[in-house]
Amino acid sequence: MKAGSASHETLGPALLSRLPSAVQKPSYDRTALTPGMAHIGVGAFHRCHQAEYTDDLLSHRFDRWGVVGLNIRPPNLSETLGRQGGLYTRLIREDDKVEARVIGSIVSVVDSQESSAPALDVLASAGIDMVTLTVTEKGYCHIPSNGELDVAHPDIVHDLVNRQTPRSVPGILARALELRMASHGRPVTLLSCDNIPTNGVILANVVQAIAARRGDGLADWIAANVAFPSAMVDRIAPATSEADIETVEQRFGYRDAAVVVGEPFRQWVIEQKFAGRVPRWDLVGASFVDDVTPFEHLKMRVLNGAQTTLATLGVLAGHEHTSDAIADPLLGTFVRRMLVEETLPTLAPVPGVSPQAYVEQSLGRLRNTAIRHRNHQIATDGSQKIVQRLLNPIRERLRRGESIALLSIPVAGWMAYLIKASARFGRSWEVSDPYADKVAQIADAVGADAKALADGILAIDTIFDPGLAANENFRTTIVTALDGLLSNDPMGFVGHACALPASARLKQPAQSA
């Protein structure tokens, strides 16, 4: 097929051999590929990250590591990825450069939104040795402030009573492990690839909490046969737009309804803790390490902290995309000062990484104008993200009596972002966050008083643990920042905070947080 051809056939196995030479294709025989792992949550990030690493591995050392993609939440895959035989185009975009590659590691897709039964059949199969997940922070049904299972979550309430027909990710995994124990008993690794600190620990917590309530030996079997490694994943992969689909048609001459877009940078650091067979992703660029913690703290507090800061403050400033927000001289200067002066001092050394260089690399990635990452998309589920990105470094600085004047601003920015979506503030924009309704109720009840608003939001103990919420320095700083961001000149407030020299932000007495 010639690029620019008018035929516009749809991508699929029959088209592979006729794709233009500019499109990289799988170098292995997909017809010989059998499934050895399942992935829950086959969205853009998985297809830009783990599926690509697996595609690299299959080219490097062919083995039975085909991926069965499972979606237990919308959207359905059968009409897009399924129709294309699991094939899709991964575009790498950097400013005006575009690179296309067809990924072949997904061998089949299973929609399991109506019933968990199709997903359970795959997960309980003796052929599956590895299960990876990208289900977003809220998919774990955990309490963000402590990482434990949220037993009041409606899906968990259902699953504890209806063990054979689970709805939640923890409930589905617990049931799948129960089925494995009762049938073949083969060990399995459950690998979280979501952007949560100690994600393996949290996944183990929620699955074991359900298993422990079964009383049939499942918890003991899991302890002996299932591994929950933690992992740090990194690649910016915004939601696919119609323009991305059109790019493939116009540049390369075929139709692909499952296109994904990412930046050139990628990283995957995995805790070396497995049960049974494991794909050797370390042979194709991933790192197997004993302790993921320093890597995840660096990434979450620097790159992700910058993203959350630019997203909410960017919306308040009227910017559509992260690249627009960081191009704003005020916000670009603010986020760099925040990271260098307040975030970096909270981080432990990371082997082979210069913290200052990492900050500059991260900010450079966010300036990529070809990655059209909408600020509202990044701000989605912010309540599930701010603990690890902002509150944990704040807590450490408070313990040492150090200023939190800059780090407090994006925390207040998250509050202001949800508050301004409330009826009281004219529903300035639509938001997607598990705590949006709660914050809207607070705003509708107390009005525009920043202290009353902050008091109400800080009382949400599933986000703000009571020790931090009671810290007087933290409360005062948040109230000041929230008052500034809800004013008629929010960027004037940010500019004033940014203009203060570091020496003006005096040390505070160390307090418990």
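Readers should treat all values here as calculations from the given coordinates under stated rules, not as data from a laboratory. Small disclaimer: the values here were computed from a predicted structure and weren't measured. All Cβ positions, glycine included, derive from the backbone under ideal geometry; neighbour counts span all protein chains shown.
Of the peptides 158-169, 413-424, how do they stack up when ordered by the mean number of other Cβ atoms within 10 Å, highest first?
Result, highest mean first: 413-424, 158-169.
Starting from the Cα of Asn76, step 7 Å along the direction of its Cβ; do the same at Asn488; then give the gap between the two resulting points in nm.
The two pseudo-label positions are separated by 5.2 nm.
Taking the Cα centre of the chain as the origin and placing charges on Cβ (Lys, Arg +1; Asp, Glu -1), which of Ala469, Ala224, Ala497 is farthest toward the positive end of the dipole?
Ala224
Give Lys385/Lys438; Lys97/Lys299; Lys273/Lys385; Lys138/Lys385; Lys25/Lys273; Lys97/Lys385 a once-over and call out the pairs whose C-alpha atoms are over 21 Å from each other. Let's see the in-between values first.
Numbers: Lys385/Lys438 17 Å; Lys97/Lys299 25 Å; Lys273/Lys385 25 Å; Lys138/Lys385 10 Å; Lys25/Lys273 32 Å; Lys97/Lys385 31 Å.
Checking Cα-Cα distances, Lys97/Lys299; Lys273/Lys385; Lys25/Lys273; Lys97/Lys385 exceed 21 Å.
Roughly how many Å is it from the Cα centre of the stretch 215-285 to that of the stretch 442-502, as a whole number?
So the two Cα centres are separated by 36 Å.
List the relative contact order of the chain as a percent without decimals, with contacts defined as Cα pairs under 8 Å and 6+ residues apart.
14 percent
Tell me the label-point distance for the pair Ala152, His8, using the 7 Å Cα-to-Cβ offset, in nm and rounded to one decimal.
Reported label-point gap for Ala152 and His8 is 5.1 nm.
Can you return the aspartates and glutamates within cross-link range of Lys420? Criterion is Cα-Cα under 17 Å, with same-chain partners fewer than 8 residues away left out.
The reachable aspartates and glutamates, counting only those whose Cα sits under 17 Å from Lys420, are Glu320, Asp381, Glu430, Asp433, Asp437, Asp444, Asp449, Asp455, Asp483, Asp489.
Which order do peptides 197-207, 393-403 fall in by mean Cβ count within 10 Å, highest first?
Working: 197-207: 22.4, 393-403: 19.5.
Sorting 197-207, 393-403 by mean packing, highest first, produces 197-207, 393-403.
Taking the Cα centre of the chain as the origin, how large is its charge dipole in debye, to the nearest 20, when only Lys and Arg (+1) and Asp and Glu (-1) carry charge on their Cβ atoms?
540 debye
Summing Lys, Arg as +1 and Asp, Glu as -1, what charge do residues with Cβ under 15 Å from the Cβ of Glu79 carry, Glu79 excluded?
Neighbourhood net charge equals -1.
Any idea what the relative contact order of the stretch 293-504 is, in percent, if you count C-alpha pairs under 8 Å spaced at least 6 apart?
Averaging sequence separation for qualifying contacts and normalising by length gives 24 percent for the stretch 293-504.
Please find the FRET efficiency linking Ala470 to Asp220, where r is the Cβ-Cβ separation and R0 is fixed at 45 Å, and quote it to the nearest 0.05.
Efficiency, from the Cβ-Cβ distance: 0.70.
Give me, ordered by chain and number, the residues 5 or more places off His142 or on other chains with an amide H under 5 Å from its own placed amide H.
Correct list: Asp150.
Quick one: if the Förster radius is 22 Å, what FRET efficiency do Ser241 and Asp96 give, using the C-beta to C-beta distance and rounding to 0.05?
Efficiency computed from Cβ-Cβ geometry: 0.85.
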